[in-house]
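The values are calculated or read from the model by the stated rules, or taken from the named source; none is laboratory data. Worth saying up front: this structure is predicted, and the values here are computed from it rather than measured. As a convention, Cβ positions derive from the backbone with ideal geometry for all residues, glycine included, and neighbour counts pool all protein chains shown.
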Amino acid sequence: MARPTIQQTNGTFPRAPFTSNVVQEAAVTMLDEHATALDALEAKGILARNFTTASQGPGFSADTYLTNSNLLIPASGISAGMVFRWTIGLSKTAAGTAAAVFTARLGVGLATTDTQILALTQQTAQTAAISSGQIIVTVAVRTAGATGVVAGCVGVATNTAGLGSGIDGVSGSVDLSAAAGKSMGLSINGGASAAWTVTSCTCELIA
């Protein structure tokens, strides 16, 4: 049924009421809400990835930044719940019997000069045996900001005891503010005489 119209005394008809600003404002509000929902989705999932393109080593007898282990922090910065993970395939010679240290570092230098966020030292040291396997290092953000806290762990899967054991730990207060554009990377210190060769490293930042 057609909407009834009222002819004005001057012979014209009034504009239909649905052309008012009310409908336009509702449409704008709906678009804003949709954009906000999309922004929230973009902030979840895998935010950064990286991987090695060649073997690195033998080496790591001193603290050494793992090439291409850097994960770029997004423009929104670091937030609670973010997880940084490095999956490393490697082998070692019979040399080196120290407890290896794995250090998550934040900065732009992509080197051991970047700020230490968390250092994890193996609970059980390496042994004088040829060994190969996989090491996974995970760092999770508990709280962000200028007095942030992260927790991490190292998992070791190996064919002998040569690579030592894993470990877990929690940082003290660390500055995670103003991190946009910086990278979180990993350095490894296998200890004196260590001769490690990293054949692969895949890493990811998950929110």
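If I ask for residues that are under 18 Å from Gly190 (Cβ atoms) and either touching a Gly at 6+ places or on another chain (Cβ under 8 Å) or surrounded by fewer than 17 Cβ atoms within 10 Å (Cβ to Cβ) (or both), which ones from region 76-88 would you list?
Once the filter is applied, which keeps residues that are under 18 Å from Gly190 (Cβ atoms) and either touching a Gly at 6+ places or on another chain (Cβ under 8 Å) or surrounded by fewer than 17 Cβ atoms within 10 Å (Cβ to Cβ) (or both), region 76-88 yields only Thr87.
Restricting attention to region 125-161, which residues are in contact with a strand residue (DSSP E or B) (Cβ under 8 Å, 6 or more places away or on another chain) and small (Gly, Ala, Ser)?
Ser131, Ser132, Gly133, Ala140, Gly148, Ala151, Gly152, Gly155, Ala157, Ala161
Filter region 187-207 for residues that are within 17 Å of Pro58 (Cα to Cα) and either part of a strand (DSSP E or B) or of a type in the set (Lys, Arg) (or both) and give the result.
We begin by selecting, within region 187-207, every residue within 17 Å of Pro58 (Cα to Cα); these are 187-201.
Ser187, Ile188, Asn189, Trp196, Thr197, Val198, Thr199, Ser200, Cys201 - these are the residues of region 187-207 that are within 17 Å of Pro58 (Cα to Cα) and either part of a strand (DSSP E or B) or of a type in the set (Lys, Arg) (or both).
Is region 67-75 home to any residue that is surrounded by 20 or more Cβ atoms within 10 Å (Cβ to Cβ), closer than 16 Å to Trp196 by Cβ and either under 22 Å from the mean Cα position of the chain (by Cα) or not charged (D, E, K, R) (or both)?
The answer is yes, given that some residue of region 67-75 is surrounded by 20 or more Cβ atoms within 10 Å (Cβ to Cβ), closer than 16 Å to Trp196 by Cβ and either under 22 Å from the mean Cα position of the chain (by Cα) or not charged (D, E, K, R) (or both).
Kindly establish whether Leu47 is more than 15 Å from Leu163 (Cβ to Cβ) and in contact with a Pro (Cβ under 6 Å, 6 or more places away or on another chain).
yes
Which is touching a helix residue (DSSP H, G or I) at 6+ places or on another chain (Cβ under 9 Å) and either over 18 Å from Ile136 (Cβ atoms) or at pLDDT 95 or above (or both), of Ala94, Ala98, Ala54?
Ala94
What number of residues in region 150-168 are surrounded by fewer than 18 Cβ atoms within 10 Å (Cβ to Cβ) and either of a type outside the set (D, E, K, R) or assigned to a loop (DSSP other than H, G, I, E, B) (or both)?
Residues in region 150-168 being surrounded by fewer than 18 Cβ atoms within 10 Å (Cβ to Cβ) and either of a type outside the set (D, E, K, R) or assigned to a loop (DSSP other than H, G, I, E, B) (or both): 8 in total.
Which is more than 17 Å from Ala195 (Cα to Cα) and out of contact with any Ser or Thr (no Cβ under 6 Å at 6 or more places or on another chain), of Leu120, Leu106?
Details: Leu106 fails: out of contact with any Ser or Thr (no Cβ under 6 Å at 6 or more places or on another chain).
When all the criteria are applied, what remains is Leu120.
Sort out which residues of region 54-68 are of a type in the set (A, V, I, L, M, F, W, C) and either in a strand (DSSP E or B) or more than 30 Å from Gly145 (Cβ to Cβ) (or both), and write them in order of number.
Listed by number, the residues that qualify are Ala54, Phe60, Ala62.
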